[in-house]
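Okay, structure first, notes after.
The values are calculated or read from the model by the stated rules, or taken from the named source; none is laboratory data. Because the structure is predicted, anything quoted here is derived from the model rather than measured. Virtual Cβ from ideal backbone geometry, glycine too; neighbours counted across all protein chains shown. Calculation scope for accessible area: heavy atoms of the full protein, side chains included, ligands and nucleic acids excluded. Shrake-Rupley method; radii C 1.70, N 1.55, O 1.52, S 1.80 Å.
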Amino acid sequence: MQIWTQTDFEKFINVVDNPMYHAFFTLLFYTGRRKGEIFALSPDDIKTDSITFDKSLTRKTFNGASFEITSTKADKSQNIPVCKKVVNELKNYSGSKPYFFGGEKPLADNTLRRAFRFYCDKAGVSPIRIHDLRHSFVSMLIHLGANLMVVADLIGDTVEQVTKTYGHLYESDKKVIISLI
């Protein structure tokens, strides 16, 4: 499992010159939401300083359709506050309808993965999986001292899942705590 620090992400995002990808990757990193939840966003979900996450896009369908909109993995509807970086990003990107990212049909997984890899190479950062941006967000919040209940609520998951799956330590945190001994 690899994560990026905020510094790693800033190095990456500084080379992203496409406004749609810039906004998409910023939302992934600074909300910790799953990419399916970002794919499924509509302009109505975007508020001034919050985003409503109540649906997800899946490509695994049983009816032959190329995608389907379902409830979130946790089957929750949440209006989540967002940081100033996301607020500013959303001011600079005017999404489409019905899908905020993509217009008539949502952005394709492979297109997003190719763009992510391209910008990782361009920035000279270690490539990680797109889902690892979720892990990076959780690790950043823990590094900043966030309560695990708050972290779990922000990403729409449980405290148990946060500690078991998403909570990766920053190397600097280990060194700091050891230096206190």
| query | Roughly speaking, to the nearest percent, how much of the chain's 1.4 Å accessible area is carbon and sulfur? | reply | 54
| query | Residues of the chain: accessible area per residue at 1.4 Å, in Å²? | reply | 54
| said: I'd like the orientation of helix 109-123 relative to the chain: the angle between its Cα long axis and the longest Cα principal axis, in ° from 0 to 90, rounded to 10. | reply: 40
| query | Considering only the other residues whose Cβ falls under 15 Å of the Cβ of residue 84, what net charge follows from Lys and Arg at +1 and Asp and Glu at -1? | reply | 0
| Modelled FRET efficiency - R0 22 Å, residue 61 with residue 117, Cβ distances, 0.05 increments | 0.25
| query | Taking Cα atoms, how many degrees apart are the long axis of helix 19-31 and the longest axis of the chain, rounded to 10 and kept between 0 and 90? | reply | 50
| How many angstrom separate the Cα center of region 1-35 from the Cα center of region 135-181? | 18
| field | Pair residue 73, residue 171: separation of 7 Å Cα→Cβ label points (nm) | value | 2.7
| query | What does the charge dipole of the chain about its Cα centre add up to, to the nearest 20 debye, if the Cβ of each Lys and Arg holds +1 and the Cβ of each Asp and Glu holds -1? | reply | 320
| remark: Using the Cα gyration tensor of region 71-131, the equivalent ellipsoid's semi-axes, largest first and to the nearest Å, work out to 23, 17, 16
| request: With mean projected area of the Cα convex hull in nm² in mind, check (1) 12.5; (2) 15.4; (3) 11.1 and report the label derived from this structure. | output: (3)
